[in-house]
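For reference, the structure is listed below as C-alpha cells.
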Amino acid sequence: MRLVWIIALRLTPWIAAVTLIWAVAFNRYIQRAINDEVDDALEDYSQMLMVRYLAGEDMPSTSDGTNNYYAIREVTPLYRETHEMISYIDSTYFLDYKNETEPARVYKTIFTDAEGRDIEMVVATPTFERDDIIHTVLIWSVALFLSLFAVVVILCTLTVGRSMKPLYRIIGWLDSFTFGKDSKPVPTGGGVKEFEGLSDHIRESSLKAHALYEQQKEFIGNASHELQTPLAVMGGKLEMLLNDPALTEQNGEAIYSILETQRDMVRLVKTLLLLSRIDSDMYYEAEEFDLGDVVSKQAGIFEEIFTGRGITLDLSLRAPCPVNMDRSLATVLVSNLIKNAYVHSDEGGTISLVVDGGGLRVANSGTRPLDKEKIFSRFATGGGASKGSFGIGLSMAGAISRKYGFVLDYSFVDGEHVFTLDVKGRKKQAR
Amino acid sequence: MKILIVEDEPSLRGLMSDTLSREGYLVETASDFPTAEEKVHLYRYDCILLDINLPGGCGLDILRTLKDGDRTDPVIIISARDTLDDRIEGLEKGADDYLTKPFHLAELSARIRSVCRRARNSGRKGITLGNVTLLEEENTVTVDGVPLGLVRKEFDILSYFMQRPGYVVDKVQLSEAVWGESADMADKYDFIYGQIKNLRRKMAQGGATVEIKSIYGFGYKLVELG
C-alpha cells in the first residue's frame, strides 16, 4: 500500500477519537447549559409569583396563553416536613389550550406565608422547545464532527502527498537505474532535509557502485590478459611434446588430453575478456544489417558439425530482421543460442530457427524444463553440459542482449526448450 | 635464416627459440627493450618476433625505429591484446603480421614462413612441398603440374597442412581453423574424417609425394614421403 494511504489510515482513528471526544463533551456542555437556563427561568418565575402572592397582589391567570403553568395550594405541616423545600423534576402536565399532555420541567417550592400557613408552589414549563434545541445542537455537532474529520483527513493526505514528491522522484530514478549505462543525475531532495540527505547518499553510493563495477571489469580484463602468456607457454610445450617423433600412443593420448584442458582454459579466458568488455562502447562499432544473414551463416557452419549426432537444423527466414549492432557480437549471440540448443538436444533431434521482423526463435526438443533463474547466470551448467562447456554461453548471450536493449527469454512449451530473442525490446516497454 | 625473438617472459621465449631452432632457423633473443634496441641497431634479421609489453619500453617503439630507418626486416607482433584496434594499430605502424597469445607453435611457424615468402617475393607463387604445389589465390592444387580436383573444404584442409609441414595438427585445431571457432562444440568429428579420407584418396591417386599421416587418432601431420 502506498505511504499516503497508510498515513491516512493511521491518522483516521486518532482524528476520529479526538473530534468525537470534543463533540461529545461539547454536546454535554450545551445540554447542561440549556438545562440550567431553563431551570433558572423557572426559579425566577417562581420567585416572582411568590413575591406577588406574599404581597397580596393579583396572580396571573393560568390560562393566559403563555406556556407557563403554576399552581398554589396549602399543605399540612407534615407535608412540609416530609418534602423537599425546593425541587426540580421532569414530569408531564396537561396543557389546556392544546388539550394534550406534554412533557415539562417542574419546580416546586414550599414556603410559609404571613399567616403561618404552609404553601406549596408548583411552576412548570414545557420542555419540547428545550428538547428541540438540544436535538438541533446534536445534529449540527455530528455534522461538524464529520466534516471536520473529512477535511482534516483530506488535507493531511494532500499535504503528505505533495511533501513526498521529491521522494517519488528519487524512487523513479532508482527504478530506471542500470549498471554500466550512463544515468541522469540523482534528483535533489527538493529542499527537504531528510530527502536531501537521501539524495546525497544515493549519489555517493551510485558513484561508488559504478567505480566498483568498472574496477571489477578492469580486474577481469587484466587477469585474463595475464593468463594468456602462461597458457601460451603451456600449450606450446604440450604441442612440442606431441611433435616429438619418440611419442608413444599412450603418452600421446595423455598429453592430448592435457592439451584439451588447456584449450578449454584458453576459451574461458577469451570469454571472460569478452564479457568484461561488452558493456564498453570502446570496442564495438554498430552497423545496420539483417540478423537473418548472421543466422543463416551460422546455421550453415553448424549444420555440417551437427550431423555427427544426427541433429538437423531447420531454418526458417520469414522476414528480414533489421538490427543495428556490432556484427561480431551478433555472431557470438546467435552461435551461443544455437550451441546451447545443441548441448540440450538428444541424438537425432531437430533444432528449429525462426527469424522474423521481431527477432529470432530457437527451439529444440527436451525432456525437463530448465531453471529459468539459473541458466542466465554464469557458470551454472544445469546438467547435460558437454565437456568444455562452462555454462557461460547463455550469460554471454544475455549480456549482449542487454547491451542493445533486446529481450532474451526462455520457456518450456509443448516439450520444447524455446528461446526467444526480441530485438524490438517490446517486453521492456510493457513494464 | 636469422630470427630475433623479443619477448620478456622466459618460458615463452625459450619455447619459441627451441621450436624455431629445431626448424633450422638461427635464433637470437632479447628479453628487454634496451637489448632489443641494441640488437636491431647492430644486425639485420630475416624475421623479428616482437612482443609489445617489454620492460623498459614499448615494443612499438622498436617498430618505429625500424621504419624510420627504412629497414625491411619483416616484423611479426606477438601480443596478448587481441582487439581489432590493437591489430590495426600494429599493422598500420608497419608490422607485417600480428599474432595473439596464446597461439599454436605450428601457427607461429606458418606465419614466419608466410611473412618471409612475401618478403622474398621470389616470383614463385604458392607453396610447394614434394611434387605438390598449392596456389592460394587461384584455389588450385597441382601434383606434378596436373591439377587435383578438390572441393572447397578439402582445399582448405590441404592448404592448412601445407603451411605447417611436419607439425602435428590435432582434430580440434583443424576443425576450428577450417570450419570456424564454432566448431568447438562438436564431440564427434565425423565431418573431418570424411573430408580427410577423400583428400588422401585424391592425393594418392594423383601420385603426390606428400601425405597426411594420422597421429594416434587425435591428429594429423603432413609429411614428405621417401
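The values are calculated or read from the model by the stated rules, or taken from the named source; none is laboratory data. Being a predicted model, the structure only gives us computed values, none of them experimental. Ideal geometry is used to build each Cβ from the backbone, glycine not excepted, and the neighbour counts take in all protein chains shown.
Observations, loosely collected:
- The set of residues from region A:317-340 being touching a Ser or Thr at 6+ places or on another chain (Cβ under 9 Å), within 15 Å of A:His417 (Cα to Cα) and either without any contact (Cβ under 8 Å) to a residue 24 or more places away in the chain or of a type in the set (A, V, I, L, M, F, W, C) (or both) comprises just one member, A:Ile338.
- Answer from B:Ala80, B:Ala106 - the residue that is touching a strand residue (DSSP E or B) at 6+ places or on another chain (Cβ under 8 Å) and in contact (Cβ under 8 Å) with a residue 60 or more places away in the chain: B:Ala106
- Some residue of region B:21-33 being part of a strand (DSSP E or B) and of a type in the set (S, T, N, Q): yes
- Of the candidates B:Ile77, B:Ile88, B:Ile52, the single residue that is within 30 Å of A:Glu260 (Cα to Cα), over 18 Å from the mean Cα position of the chain (by Cα) and among the hydrophobic types (A, V, I, L, M, F, W, C) is B:Ile52.
- When the test is whether a residue is at pLDDT below 90, in contact with a strand residue (DSSP E or B) (Cβ under 6 Å, 6 or more places away or on another chain) and within 13 Å of chain A (Cβ to nearest Cβ), B:Phe191 does not pass it.
- Members of region B:94-148 that are more than 22 Å from B:Gln173 (Cα to Cα) and of a type in the set (Val, Ile, Thr): B:Thr128, B:Val132, B:Thr133, B:Thr140, B:Val141, B:Thr142, B:Val143, B:Val146
- Counted residues, region B:18-40 - those being of a type outside the set (Phe, Trp, Tyr) and touching a residue at least 24 places away in the same chain (Cβ under 8 Å): 14
- Selected residue (criterion: modelled with the lowest pLDDT) from residues of region A:380-408 that are assigned to a loop (DSSP other than H, G, I, E, B) and closer than 26 Å to A:Met282 by Cα: A:Ile392
- Verdict on B:Ala204 being more than 13 Å from chain A (Cβ to nearest Cβ), surrounded by fewer than 18 Cβ atoms within 10 Å (Cβ to Cβ) and modelled with pLDDT of 85 or more: yes
- Only strands (runs of 3 or more DSSP E) whose full extent lies in region A:214-329 are considered here, and the ones with at least 1 residues that are over 26 Å from A:Phe406 (Cα atoms) and more than 9 Å from chain B (Cβ to nearest Cβ) are A:312-317.
- If you go through region B:51-80 and pick out every residue that is out of contact with any Lys or Arg (no Cβ under 8 Å at 6 or more places or on another chain) and buried (at least 18 other Cβ atoms within 10 Å of the Cβ), you end up with 7.
- Filtering B:Arg13, B:Arg22 for residues that are of a type outside the set (Asp, Glu), surrounded by 18 or more Cβ atoms within 10 Å (Cβ to Cβ) and within 14 Å of chain A (Cβ to nearest Cβ) leaves a single hit, B:Arg13.
- Cβ-Cβ under 9 Å pairs, at least 6 apart or on other chains, region B:207-226 side closer than 15 Å to B:Ile196 by Cα, far side in a strand (DSSP E or B) and among the acidic types (Asp, Glu): B:Val210/B:Glu224; B:Glu211/B:Glu224; B:Ile215/B:Asp170; B:Phe218/B:Asp170; B:Gly219/B:Asp170; B:Tyr220/B:Asp170; B:Leu222/B:Glu211; B:Val223/B:Glu211
- Picking from residues in region A:330-359 that are of a type in the set (Ser, Thr, Tyr) and outside any loop (DSSP other than H, G, I, E, B), the one that is modelled with the lowest pLDDT is A:Tyr342.
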